[in-house]
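None of the figures in this text is laboratory data; all of them are computed from the coordinates on show. No experiment lies behind these values; they were computed from the predicted model shown. Heads up, the Cβs are rebuilt from the backbone with ideal geometry, glycines too, and the neighbour counts pull from every protein chain shown.
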Amino acid sequence: MQISPSILSADFANLEAELRAIGNADWAHVDVMDAHFVPNLTLGLPVVESLVAVSPIPIDCHLMIEDPDRWAPPYAAAGAQSVTFHVEAAADPRRLARDIRAAGARATMALKPGTPWAPYEELLPELDMVLVMTVEPGFGGQSFMADQMPKVAAVRESVRRHGGQVWVQVDGGVSARTIEQCAQAGADVFVAGSAVYGAEDAAAAVDELRALATAHAH
Ligand code: DX5
Ligand code: ZN
């Protein structure tokens, strides 16, 4: 059970300190938004390079961008240890996952809430993680979509049948109130932005979330 706090809810003027504040987490989740694939704009490759250089924990880079076929592998080459692309934006997801792995990162494919899993199940051998979005991507602090839990369970079932080591990640509205149902459905990597950086003690929030997830493992 791994926790990946999203720095989208952190203080962007103090990112090095904000990364140190979650040094007990498994990953630091970095949301890259391009104002095209999603309506919001955050940060890009130069900032990710700087974060990689100072982060005490590996970077989990979630790319909400158009043309990931072209732009995602450079994030892997820059040292992000996990690189996530959205299948809705990818022209050739199989080749893209291979390119990300070849550039040295774990390859993750993300699904928006309206995107079904079944058409992409055959891509599983190319992937290290599948991200099931539990909000519409674009903003932190939105309400958790419990109707995505059957998709989490379907991905977990595919992984079980396939017999690989693929992780199942959830992102959006994950908190102490909602993490248990995610774990029960089969998620094992949990992104949390506002629930961690909105807490008085970010590190304590990470430990609490991990304990709740572990207690409710499917
Ligand atoms: C949303 C981002 C999330 C976001 C999660 O598009 O992908 O990573 O930061 O924030 P919370 O946990 O506040 O929903
Ligand atoms: Zn994210």
How big is the chain by Rg and Dmax over its Cα atoms, in Å?
-> 15.6, 45
Dipole magnitude (debye, nearest 20) for the chain, charges at Cβ of Lys, Arg, Asp, Glu = 540
Among Ala154, Ser4, Ala107, flag the residue with its Cα farthest along the positive direction of the charge dipole of the chain, charges on Cβ as +1 for Lys/Arg and -1 for Asp/Glu.
-> Ala154
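For the chain, what does the helix formula give at 222 nm: sum of -39500 (n - 2.57) over DSSP H segments with n ≥ 4, over the residue count, nearest 500 deg cm²/dmol?
On the way: 9 runs with 74 residues, N = 218.
Using -39500 (n - 2.57) per qualifying helix, the result is -9000 deg cm²/dmol.
Could you tell me how many cubic angstrom of Cα convex hull volume the stretch 1-118 has per residue?
Working: hull volume 13.0 nm³, N = 118.
About 110 Å³ per residue, rounded to a whole number.
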Here FRET efficiency (C-beta to C-beta, Ala146 to Glu88, R₀ 22 Å, nearest 0.05) is 0.55
Give the distance, in whole Å, between the Cα centre of the stretch 113-144 and the Cα centre of the stretch 146-208.
-> 12
